[in-house]
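Novice: Would you mind keeping the following structure in view while I ask a few things?
The values are calculated or read from the model by the stated rules, or taken from the named source; none is laboratory data. All values derive from a computational prediction rather than experimental measurement. So basically every Cβ, Gly included, is an ideal-geometry build from the backbone, and we count neighbours across all protein chains shown.
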Amino acid sequence: MMKKEYRISMVFQREKMMILKIKNLNILINIFLLFPINDAWGMQKQAKQTGIFFGSLQSRVNKTWNFLKKEYFLEQSKKENIINENEKKEDAKPYAAIFDIDRTSLDSQGESYKNIKIQINNGTGYFCFYRAVPQILELYKKLIDHKVTIFFITSRCKKSWASNSINNWKNLTSDNLKEVGFAEFKEIYCMSWNRKKKMLQYKSNGEQVQYTAIWKECKRQKIAKKYQIILTADDEKLFLKGENLGFALNVEVYE
């Protein structure tokens, strides 16, 4: 009797494993249908990279700046003196740094300092303005002083979720960044509402994060065509895996 129950249990476990594999396969198929194969594959590869993930936020920012300064700025003049002018690469790319917005550049888990009334469908809502994360603002200013081009990549929507909303969330986000000190940047990459809806179709937070990670990798690939990315800062560790990251700075405002 025990042997029979054991066999039934084993069969049941195998069936559960098959169902789980099929579910995971469906998730991957959906992701590859939404993104070009080459772009999605970039997130699957574990690229060798330098980064910092532990210690206080101020300590992480300080170590990040020390690395960037030594690697790209202090040694730059020495390297240029060694390399013959005729041997310099004509296709040398300018430096770029990429920042996430929520809980990275802006303290959006804290209290907002201003709320803008916006129209959503037939009612009204509020768009919240948040203060800068001071340690990240400090790093941003140092990069600007060294002529680094700044990009923001965020899973915020370009516009309100409501289809007939007249409010442009990307513009409001830009206003918030500029008000708190992030005055210069090249571009803010936001999700379209259709892309956001597809992301929200996934039930678990883990699946949504994976979807967003691949979307962010696609945006970094686009930036990397014209720039050498020397830094990527984000509060989500999974977003700091893959390629085209430069130095990876994990920002956890609330530890």
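Novice: Among all residue pairs at least 6 apart or on different chains, which show Cβ distances below 6 Å where the first residue, located in region 173-195, is touching a residue at least 40 places away in the same chain (Cβ under 8 Å) and the second is in a loop (DSSP other than H, G, I, E, B)?
Specialist: The qualifying pairs are V180/R131.
Novice: Has region 59-67 got any residue that is of a type in the set (A, V, I, L, M) and modelled with pLDDT under 55? Walk me through it before giving the result.
Specialist: The first filter runs over region 59-67 and keeps only residues of a type in the set (A, V, I, L, M), leaving 61.
Restricting the remaining residues to those that are modelled with pLDDT under 55 gives none.
Within region 59-67, none of the residues are of a type in the set (A, V, I, L, M) and modelled with pLDDT under 55.
Novice: Out of the residues in region 167-214 that are among the aromatic types (F, W, Y) and crowded, with 18+ Cβ neighbours inside 10 Å, state the one that is nearest to Y126 (Cα to Cα).
Specialist: Keep residues of region 167-214 that are among the aromatic types (F, W, Y), which gives 169, 182, 185, 189, 193, 202, 211.
Remaining after also requiring crowded, with 18+ Cβ neighbours inside 10 Å: 169, 182, 185, 189, 211.
On the way: W169: 11, F182: 22, F185: 25, Y189: 22, Y211: 27 Å.
Among residues in region 167-214 that are among the aromatic types (F, W, Y) and crowded, with 18+ Cβ neighbours inside 10 Å, the one nearest to Y126 (Cα to Cα) is W169.
Novice: Just to be sure I understand the filter: pairs with C-beta atoms under 7 Å, separated by 6 or more residues or on different chains, first member in region 224-238 and among the small types (G, A, S), second member part of a strand (DSSP E or B). Which pairs pass?
Specialist: Here the result reads A233/F99; A233/L249, each pair linking region 224-238 to a residue that is part of a strand (DSSP E or B).
Novice: Out of the helices (runs of 4 or more DSSP H) lying entirely within region 90-207, which hold 1 or more residues that are within 19 Å of T64 (Cα to Cα) and modelled with pLDDT of 85 or more?
Specialist: Details: elements: 134-145, 169-179, 193-200.
Correct list: 134-145.
Novice: Does L200 satisfy being on the phi < 0 side of the Ramachandran plot and in contact with a strand residue (DSSP E or B) (Cβ under 9 Å, 6 or more places away or on another chain)? It would help to see each step written out before you state the result.
Specialist: Details: on the phi < 0 side of the Ramachandran plot: yes; in contact with a strand residue (DSSP E or B) (Cβ under 9 Å, 6 or more places away or on another chain): no.
It is false that L200 is on the phi < 0 side of the Ramachandran plot and in contact with a strand residue (DSSP E or B) (Cβ under 9 Å, 6 or more places away or on another chain).
Novice: Something else now. Please state which one of I214, I188 is within 12 Å of the chain's Cα centre (by Cα), within 30 Å of Q119 (Cβ to Cβ) and in the same structural domain as P94 (by TED's automatic domain parsing).
Specialist: Of the residues listed, the single one that is within 12 Å of the chain's Cα centre (by Cα), within 30 Å of Q119 (Cβ to Cβ) and in the same structural domain as P94 (by TED's automatic domain parsing) is I188.
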